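The values are calculated or read from the model by the stated rules, or taken from the named source; none is laboratory data. Here the structure is a predicted model, which is why all the values come from computation and not from measurement. Counting neighbours? That spans all protein chains shown, and the Cβs are built from the backbone with ideal geometry, glycine included.
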Amino acid sequence: MDNQYFSKEGLERLKQELEERTTVTRQEIAARVKEAKAEGDISENAAFDAAMQAQATNEGRIEEIKSILENAVVISATNGGSVVTVGSSIKVESDKGSRNFIIVGAAESDPLKGFISNESPLGKAFLGRKKGDKVDVKTPKGLAEYKILDIK
């Protein structure tokens with residue numbers, strides 16, 4: 001698996017999720033399984049089936065998080081804001097006005113909140129660019145032009 005980029009906060013949230021799933025969620029599911037088994041015949045027990053499905057889903061997510069954490073790289077903009085990198089906070093302007101974005105790893109992306117993935121077309125287009133650069137990005141609605149106003 002390739003490196004996955006995270007902000008310090010994003011990595012901490014992922015670690016907290018792992019802790020929650022390995023302690024609280026596991027115990028809750030184990031109690032549900034035990035309760036469902038106590039009801040008798042498990043071959044036609046919907047509560048047992050649901051609990052086992054929840055257990056499988058939780059364990060799958062735990063393994064996924066562990067794998068992500070093994071390849072996690074904490075990002076920070078260390079170039080003094082001269083060039084857009086993963087971790088940069090940028091202000092851009094397009095024909096739709098100005099907007100702020102933070103370039104993050106794919107696991108943290110949330111475009112509605114302005115967190116764009118370094119792997120997305122928009123994120124890729126900004127990487128390596130400087131303040132004042134104009135960037136053309138192919139979008140589903142056609143070509144969009146952005147001007148980088150500021151980099152932090």
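Among the residues of segment 130-152, those identified as without any contact (Cβ under 8 Å) to a residue 12 or more places away in the chain and outside any loop (DSSP other than H, G, I, E, B) are ASP136, GLY142, LEU143.
Being acidic (Asp, Glu) and outside the structural domain of GLY142 (by TED's automatic domain parsing) is a condition met by at least one residue of segment 64-85. Restricting attention to segment 39-55, the residues that are surrounded by 11 or more Cβ atoms within 10 Å (Cβ to Cβ) and either under 32 Å from the mean Cα position of the chain (by Cα) or in a helix (DSSP H, G or I) (or both) total 9.
Could you tell me whether any residue of segment 13-35 is in contact with a Phe, Trp or Tyr (Cβ under 8 Å, 6 or more places away or on another chain), part of a helix (DSSP H, G or I) and under 28 Å from LEU127 (Cβ atoms)? Checked segment 13-35: at least one residue is in contact with a Phe, Trp or Tyr (Cβ under 8 Å, 6 or more places away or on another chain), part of a helix (DSSP H, G or I) and under 28 Å from LEU127 (Cβ atoms).
Taking each residue of segment 12-23 that is within 14 Å of LYS66 (Cβ to Cβ) and looking for partners that are surrounded by 15 or more Cβ atoms within 10 Å (Cβ to Cβ) and at pLDDT 95 or above with beta-carbon atoms closer than 7 Å, six or more apart or interchain, yields LEU18/ILE62; ARG21/ASN58; ARG21/ILE62; THR22/ILE62.
The residues of segment 97-129 that are assigned to a loop (DSSP other than H, G, I, E, B) and on the phi > 0 side of the Ramachandran plot, listed by number, are GLY114, GLY128. Of all residues in segment 130-152, those that are farther than 28 Å from ARG13 by Cβ, surrounded by 20 or more Cβ atoms within 10 Å (Cβ to Cβ) and under 23 Å from the mean Cα position of the chain (by Cα) total 0.
Evaluated against (1) surrounded by 15 or more Cβ atoms within 10 Å (Cβ to Cβ); (2) over 29 Å from PRO111 (Cα atoms); (3) modelled with pLDDT of 90 or more, ALA36 falls short on exactly one condition, (3). Please specify each residue of segment 104-128 satisfying the condition of being closer than 13 Å to ILE148 by Cα and either buried (at least 20 other Cβ atoms within 10 Å of the Cβ) or without any contact (Cβ under 8 Å) to a residue 40 or more places away in the chain (or both). Across segment 104-128, the qualifying residues are LEU122, GLY123, ALA125, PHE126.
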